[in-house]
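All of the numbers you see were taken from the coordinates with simple rules; none came from a lab. On a predicted model such as this, the values are computed, not experimentally measured, just so you know. Here the Cβ positions follow ideal geometry from the backbone for every residue, glycine too, while neighbour counts run over all protein chains shown.
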Amino acid sequence: MRKKFFLLIILSLILIGLDYLKISKIFTKQAEPLITEIKDVIYQRTHHLKFVPTVIFNFENIVTEIGEKQKLTNENKQNRIKIQDLEEENNSLRKQLGAPLPPEFKFIPAEVIAISRYMEINIGSNNGVIQGMAVVEGTTLVGKILKTTEVRSQVQLLTDSDLSVPAISNRGSRGNIVGQLGEYMVFKDVLQKDPLFLEDIIMTSGEGELPKELLIGSVAKIDSDDADVYKSARIKSNNTYSLIKKVFVVAEK
Amino acid sequence: MRGFVILLILGIILETVFFPYPYTLLIVIMAVLALGVQSFIFVFLAGIFLDIFALRMIGVDSLIFLAVSAFILRYNRRINFANYFNGIVFILITVSFYTFLIYKRIINIQFLGFTVLISYLLFILANYLSPRLTGSKKLRV
C-alpha cells in the first residue's frame, strides 16, 4: 500500500510538470467542450434561484429601488436623445478640425458558466480571447482574463487579493484598486493631499493593460490617518458578481 | 464506493460552479475514513477531476488530497478520526487551511458554523455508505 501511495505521489508530480510545460493540454483539450457545456447548463438553469433569498430579505428595498429605477429609465431615454445630438455635433466638428475619431472597442459577448473564486465564461482562444483582456458588464469592469483554454476562460474578479488595478476617481485622485480576500475592494495608495469623498466614482485610469474610464464603483468608507502618506477607501461595487449572467470581453480594435 | 462517487461529482460541481468552498476535500476525508487504504485511487482521481473542472494546475489537488489521506491513515489509531468530535476538529483545521491557501478567503464564524454542520451531515451520510466508518460492522459477542 505504501508503494501505491508513493506511486500516486510521483504521478501527481509528473502531472504538475506536464501541466507546467503545457503538455497536458493535449489531453484536457478533449474534455473542455463537455465541461463547458455542463457548467453552462447548470449555472444558467439555477441562476434564478439565487434571487430567492435576496427577494425574501429585501422586499421593501426592492420595491423602493424599482420606483427609483423607473424614474432613472425615463431620464435615461431623454438623455439618449441629447447624447445622439451631441455625438453628431462632435463628429462634424472633428471632421472640420481634421482630428481622428476615437478608437472603438470590440466587445465579445460571453455567458457566465461558473462563479467560484474566479468567474468562468464560455468563450476562449477560439473566439479571440487572450490573457489580460478586460471583462465588463455594461460599462462596469468585472475583472481581467486570467487564463484561457480554447472554449472557456477564467476571469479574475476585482475582489481577488491577487489583482491590482490602477484607478482614478472623478476628482482626479489616483490610486490602485486591490481586492480583499474575495469580499470587497479597497482603493489604496491615494496621496493624503488628493481629494477623496464618499460617493466619489472610481474608474480605471488606463495605466496597465486595462482600457481607461471603465467604471469600478463608488467610495463607501474612507480610512485616513494624517500621519500616513497614503489614505485608502473601501469601494462599493456596481456589480453583484453572483447575479451576473452575461458579460463582454473588451478587445481593442 | 458508488455513493462516494456520486457525492464527489456533486461536490466538484458545487465547488467549481457556485461557491468557493472545499466540498471535494470534505468528501475525500470521509472516503479515506470509510475506505481506508483502498481510497487512494479515488483520492487521486478526485484531485485530477477537480483540477480539470476548476482550471487549476493538474496534479496540485491530488497532491494535497494524498497528503491529507496519508496524515489521516498514519495517525488514525492515535487520534481516532472516526470519532465525531475529533473528526470535525480535524476537518475544521484542514478545510480552513485549504480555503485560505486555494481560495484566499478569510475564515469567519459563518464559515466555521457551516463547516461543522456539513461535516456532521457527511459523517451521518458516510456511515450509511460505509458502516466501517464508525465501527458499527464490528463483531459483537
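Side notes on the structure shown:
- Shielding score for B:57-66, defined as the mean number of other chain Cβ atoms within 10 Å: 6
- Here's the list of aspartates and glutamates a cross-link from A:Lys22 could span, going by alpha-carbon distance under 16 Å and ignoring same-chain residues fewer than 8 apart: A:Glu32, A:Glu150, B:Asp51.
- Reach of A:Lys69 by Cα under 20 Å, taken over aspartates and glutamates that are not fewer than 8 positions away in the same chain: A:Glu60, A:Glu137, A:Glu199
- Among A:Gln70, A:Gln44, A:Gln180, the largest mean-square fluctuation in a Gaussian network model of chain A, built with springs joining Cα atoms closer than 10 Å, belongs to A:Gln70.
- Taking label points 7 Å from Cα along the Cα-to-Cβ direction, A:Lys77 and A:Leu11 give a separation of 6.4 nm.
- Residue with peak Gaussian network fluctuation, chain A [Cα springs, cutoff 10 Å], from A:Leu163, A:Leu15, A:Leu196: A:Leu15
- In chain B, the longest principal axis of the Cα atoms and the axis of helix B:23-35 are about 20 degrees apart.
- Take each residue in A:147-158, count the other chain C-beta atoms within 10 Å of its C-beta, and the mean is 1.
- Local electrostatic count at A:Ile38 - Lys and Arg +1, Asp and Glu -1, tallied over other residues with Cβ under 14 Å: -3
- The trypsin sites (Lys or Arg not before Pro) of the range A:157-223 that DSSP puts in a loop, and whose beta carbon has at most 11 other beta carbons within 10 Å, are A:Arg171, A:Lys193.
- Short-range pairs are left out: with C-alpha atoms under 8 Å and at least six residues apart, the relative contact order of chain A is 17 percent.
- Expected 222 nm ellipticity per residue - DSSP helices of 4 or more, -39500 (n - 2.57), all of chain B, to 500: -22500 deg cm²/dmol
- Once both labels are positioned 7 Å from their Cα atoms along Cα-to-Cβ, the gap between B:Phe71 and A:Gln70 label points is 5.7 nm.
- Cα-projected label distance for A:Lys221 with A:Arg171, points at 7 Å along beta-carbon direction, nm: 2.0 nm
- Translational diffusion of chain B, µm² s⁻¹ [Kirkwood Rh, Cα pairs; Stokes-Einstein; 25 °C; 0.890 mPa s]: 162 µm²/s
- Helix axis angle, B:2-13 relative to chain B longest principal axis, alpha carbon, degrees: 20 degrees
- For chain A, modelled as a GNM whose springs connect Cα atoms under 10 angstrom apart, the maximal fluctuation among A:Ser116, A:Ser237, A:Ser24 occurs at A:Ser24.
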